[in-house]
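Report on one structure; see the data block that follows.
The values are calculated or read from the model by the stated rules, or taken from the named source; none is laboratory data. Note that this is a predicted model, so its numbers are computed, not measured. When we count neighbours, we look across all protein chains shown, and the Cβ atoms used for this are built from the backbone with ideal geometry, even at glycine.
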Amino acid sequence: MLADSLKPKYWKPGYDTWHLLLLPALVAVLVSLAVLQPSSPPLGLEASRPRVPRFETVIDQPQPAAVLRADQLGEVLGRAEPGSRVTLTYRTVTTTEKVLSESVVDVSGRYSFRLQGFPVGSYGIRVAATMPDGQVSRTVEVPFRVVSPPAPPVKQAPKKKRTTGH
């Protein structure tokens, strides 16, 4: 018990019996609340934290810096998480990114897109996969160049032999 000279003026005799339990009880309540609460990031940090994809998207074909003929562009072939939706986009040096096509990755984890209608120029194709839960893979980009097909050979008329009347 506290000496009367150390007690504040508002102190009542009934405080002596329970005031010592107040602080430990408050600490116990705060600790139990902290233990029972699930740990979560502070507000605002959750949205700014990058989501690390658990899968990877790969472009197998065309190879980086490939040179493709305008008349034989071929296909974009690659791999991604089975069941994910793959979006193929392209861009040029002077244009923004444009969506070419979307497809669902097959059960073996493969996807393919046919390239068509690219005029002569330099391009970058990008592929990103989106899982059904909304998780998106890192975007993969492959640069390539489209060139004109070689000109067909010009058939020359056979040369006529000159015959001389000697």
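Worth pointing out:
- Positions within segment 114-137 being over 13 Å from S84 (Cα atoms) and either crowded, with 18+ Cβ neighbours inside 10 Å or within 14 Å of the chain's Cα centre (by Cα) (or both), in sequence order: L115, Y123, I125, R126
- When residues of segment 54-75 are limited to those that are within 17 Å of the chain's Cα centre (by Cα) and part of a strand (DSSP E or B), the one farthest from P132 (Cα to Cα): I59
- Picking from residues in segment 108-151 that are of a type in the set (V, I, T) and in a loop (DSSP other than H, G, I, E, B), the one that is modelled with the lowest pLDDT is T139.
- Condition met for V154 (out of contact with any strand residue (DSSP E or B) (no Cβ under 9 Å at 6 or more places or on another chain), at pLDDT 90 or above, farther than 17 Å from A70 by Cβ and exposed (fewer than 11 other Cβ atoms within 10 Å of the Cβ)): no
- Residue in segment 26-42 that is at pLDDT 75 or above, surrounded by 10 or more Cβ atoms within 10 Å (Cβ to Cβ) and touching a strand residue (DSSP E or B) at 6+ places or on another chain (Cβ under 9 Å) present: no
- Of all residues making up segment 76-100, the number that are loosely packed, with under 13 Cβ neighbours inside 10 Å and in a strand (DSSP E or B): 2
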